Amino acid sequence: MKAAFKMKLKPGSAAEYKKRHDEIWPELAALLKAEGLSDYTIFLDEETHTLFAVQQLSGKGSQSLGEREIVKRWWAYMADIMETNPDHSPVSVPLLQVFHMD
């Protein structure tokens, strides 16, 4: 199953966001893979500072990832450059799939 969602960067944070993801913590990447996330891509609309993410979900899925300590630390690490909720999780809006072509 694919999931897509959008998030919002703070203006002027695009380069730092990319840098942090280029250097994603190996233990975080391993956890995401172990939980069944793959083919995870994030796009940026530079005009609106909106991030569009698409990921393939299989296996256990990602329902409990927000309870993991490393995920909470990543959220706190990213909170200064993104719109976040009080727990530092990114404000995330699910997107509705309206078309797909293989």
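Just so it is clear, none of the values below were taken in a lab; they were calculated from the coordinates. Computed from a prediction, not measured in an experiment: that's the story for all the values here. Using ideal geometry, Cβ is built from the backbone for each residue, glycine included, and neighbour counts are taken over all protein chains shown.
Scan the chain for chymotrypsin sites (Phe, Trp or Tyr not before Pro) in coil per DSSP, keeping those whose Cβ has at most 14 other Cβ atoms within 10 Å, and list them by number.
99
Give, rounded to the nearest 20 debye, the magnitude of the charge dipole that the chain has about its Cα centre when Lys and Arg contribute +1 at Cβ and Asp and Glu contribute -1 at Cβ. Display every interim value, and only then the final one.
Values: 12 positive and 15 negative charges, 34 e Å.
Dipole magnitude for the chain comes out near 160 debye.
What's the longest piece of the chain with no exposed GluC sites (Glu not before Pro), counting a site as exposed if DSSP puts it in a loop and it has at most 15 other beta carbons within 10 Å? Before the final figure, lay out each step's value.
Details: sites that count: 23, 46, 47, 83.
After excluding every exposed loop site, the longest remaining stretch is 48-82.
Stretched out fully, how many nm does the piece from residue 79 to residue 3 gain, at 0.36 nm a residue minus the Cα gap?
So the extension gain works out to 25.1 nm.
Segment 1-43 to segment 50-98: how many Å between their Cα centroids?
Segment 1-43 and segment 50-98 have Cα centres spaced 8 Å from each other.
In what sequence do 92, 58 fall when counting other Cβ within 10 Å, fewest first? List each step's numbers first, then the result.
On the way: 92 16, 58 11.
The order, fewest Cβ neighbours first, is 58, 92.
Which length gain, in nm to one decimal place, applies between residue 67 and residue 16 when the Cα-Cα distance is subtracted from 0.36 nm times their residue separation?
Full extension of this stretch gives 15.8 nm more.
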